[in-house]
Every structure is written in C-alpha cells, then in structure tokens.
1. Scaled to the compact-protein estimate 2.2 N^0.38 Å, what is the alpha-carbon radius of gyration of segment 228-296, rounded to two decimal places?
2. How would Lys280, Lys91 line up from fewest to most surrounding beta-carbon atoms within 10 angstrom?
3. Compute the signed sum of charges (Lys and Arg +1, Asp and Glu -1) over the other residues within less than 14 Å, Cβ to Cβ, of Ala299.
4. Provide the net charge surrounding Ile232, with neighbours chosen by a C-beta distance below 15 Å and charges set as Lys +1, Arg +1, Asp -1, Glu -1.
5. Taking +1 at the Cβ of each Lys and Arg and -1 at the Cβ of each Asp and Glu, which of Ala34, Leu86, Asn17 sits farthest along the dipole of segment 1-91 towards its positive end, judged by Cα position relative to the Cα centre?
6. Residues in segment 74-117 near a label at Leu328, defined as backbone nitrogen under 11 Å from the 7 Å Cα→Cβ point?
7. Compute the orientation-averaged projected area for segment 165-235 from the convex hull of its Cα atoms and round it to one decimal in nm².
8. So, with +1 on the Cβ of K and R and -1 on the Cβ of D and E, and no other charges, what is the size of the charge dipole of segment 8-354 about its Cα centre, to the nearest 20 debye?
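Derivation of every value follows stated rules applied to the coordinates shown; laboratory data play no part. As the structure is a computational prediction, the values presented were derived from the model and not from experiment. Backbone-built Cβ (ideal geometry, glycine too); neighbour counts: all protein chains shown.
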Amino acid sequence: MSQLFTPFSIGPLALPNRIVIAPMCQYSADEGQATDWHLIHLGGLALSGAGLLILEATAVEPAGRITLGDLGLYNDATESALARVLSSVRKVSPMPIGIQLAHAGRKSSSCVPWEGGLQVRPDEPGGWQSDAPSAMPHGAQEAPPHALDAAGLARVRQAFADCALRAHRLGLDLIELHAAHGYLLHQFLSPLSNQRADAYGGSLQNRMRFPLEVFDAVRAVLPPDFPLGVRISATDWVDGGWDLPQSVAFAQALHARGCSFIHVSSGGVSPLQKIALGPKYQVGFAETIRRETGLPTMAVGLITDPHEAEAIVSSAQADMVALARGILYDPRWPWHAAAALGAQVQAPRQYWRAQPRGVSDLFANARIGQR
C-alpha cells in the first residue's frame, strides 16, 4: 500500500492523503480582495485530489503586502471577497482548505514578479513605507524599512490575531503562519536582518520572542484544537545567518506552545544566499526537525517524482509532502502519482471517464459505465 496515499490527521483535521498544495502567491487581488482569478485558480486545484490546499500568503494588514496584488484578510471587504470564492469552491470539492497568514516586512512595497519584482520606493506611485525589525533594507539599493517600535509590534501582533479570527469565521480548516522566505517573522529570527538591541534582538531567545508572541496571540483566539502551524526557512544559506540548529530550537518552542505542524522550507532573507538546488534539497531539514521535535512535518522543494514523494513519507523523513510550482505545471499531479504508485485518489465524478485504459480503480468510489 502506498504510504503517500494513506490518511493523516493534523489534530482533528483528517486528510485523505499526505499530498499538500503549498501556498503560492498569485499577485492578482484587488485592494487585497480575492478576484475571479482566485475562483478559477483555487477551483482547479481543489479538483486535483490532493489532501490539503493552503491558500497563498495572505496579508494581515495593507502595509504587510508584498505587492499591491497580494491577497489580504484585514477588513470586511477582503473577508467578504474571500468568502465568495470559498463558497463556490466548496460546492464542488470537499478538499480541506487552509490559509497562510503573512506580513512581508521589509520585502513589502514591491512590483509584481512579471513586472520585475523590484521595490517600489515609498515616494513613488504605488509605494509605501515598509516595516521591519531593524532599519536594514533587503537589497543594498532599496529604501530602508522603518524599525518597528513597541506600538508597531503590538499593532502587528493584533493584526495576526484579528485575521486568524476572520479565517476561522470563514470556516477555513487550518492556519499556517508565514515565518519563512525572508518575510517579517523570518526577519526577526535571522541575525542577518535583526540587529535590534532590545528584548527582540541579539540572542536566539530574543530573536524568537516576537514570532512566538505572534503565535501565542493567534493561538489564544482560536479553539484549543484548531490546527495552527508555522512555515519556516530552516536555513538562510548564508554564513552567520539563521540555520538548522536554531530552527530546531524554534520548532521545539512552538511545539511547547501547541503548534500543530511545521512546514519546512529555506532561504529568502538575503540576496547573498547560496542555495544548493536539487531534487528534495530541503527534505533533510524536515527530517531533522521531525526527529528532534516530534511535530507533524511537511517537506517541500523540488519534489516532483511520485516515487520520491512516496519514499519521503514511507521512510519517515516527513509526514506530508507539499508541492507548489510542480502542481501549477501539472494540476493533476496527485492523479498521476496515484496511478504510478497503484493507489486511489478522490476525483469529481464528472471526470471519472478520464481514467486511462489499463489503469484500474484509480479514482476512489468511481463507478464508470459506458453508453
């Protein structure tokens, strides 16, 4: 039996298999509001047969958006727009849906990727002043961010909690806090971006303080058993930066606070990073964190072959396998993985006739007749 296609539970949330669709920014919102693009995009992914879909990085305040096209969940208009999309998607798919709550920090106020992705300076049209742990820009030629003071820290903490309440009200099944890829919470963790001299900078315990406070604030407004996890960058890929041992310590602190899962990625905080790209290049990080913490763990990063994904789960390197760009390229990846591994996958009955000849019982509960 394929282990990739066995059920898995994150707290009370039951997943039909171990395949997760990772958050992927679409840069297609209107003033933070989900649009028809999100309806079509998410509707397609919800028919893929994956066990869980996590919505893209969703800003907790307008200034926390990466670009003007980022999804948000910070007011009634953004909540209502997302509710419309979710209502339609849920009519055609039972797939569990989570959301990633995020703040871009010093990487905010940027152009969308297909327009170059460069910073839009605060004095330019469409730009705004970014916030960060320290007044250090991400790139040498960028305008420096504003270093958050006590009032700013309190505002951002509350913004995360308020957005979590909105997500719960929308009936989302899971929340992931974004502490990876060089965004605000990761900026506090990394000594490359956090040069504070107060209780939020310096030692590892101090650098973890604000991300842990955000986690606690969100945990406090949700039901005790609601699935709440964190995505981290296990390493900055820069000497002297955030690394795997610090990631283990952070994950252990999260576990003690009731964290439901850890989603292990890497990089993003510095243009100086030197990433050793290759198939499964981040899986070893996930394996170490899973072994050292006991947290349910998602592995992600250039996992494209079904047999590789199967090996990751069956050898206990991770509990779940997440796909991002790979599932954009092949939105039926779970179907093809099930066929390759001799497993079954959930599919809408309108598609049951798509089962290839010579592949038996691919679609669970399918009854395919001929007329």
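1. Details: Rg = 11.9 Å, N = 69, 2.2 N^0.38 = 11.0 Å.
It is 1.08.
2. Details: Lys280 20, Lys91 8.
With the sparsest Cβ surroundings first, the list reads Lys91, Lys280.
3. Working: positive: Arg18, Arg231, Lys280, Arg290, Arg291; negative: Glu287, Asp305, Glu308, Glu310, Asp319.
Computed value for this residue: 0.
4. Details: positive: Arg207, Arg231, Arg257, Arg290; negative: Glu176, Asp236, Asp243, Glu287, Glu292.
Local charge sum for Ile232: -1.
5. Ranked along the dipole, the leading option is Asn17.
6. Label zone hits: 113-114.
7. Numbers: hull surface 20.8 nm².
For the Cα atoms of segment 165-235, the hull's average projected area reads 5.2 nm².
8. The calculated dipole for segment 8-354 is roughly 660 debye.
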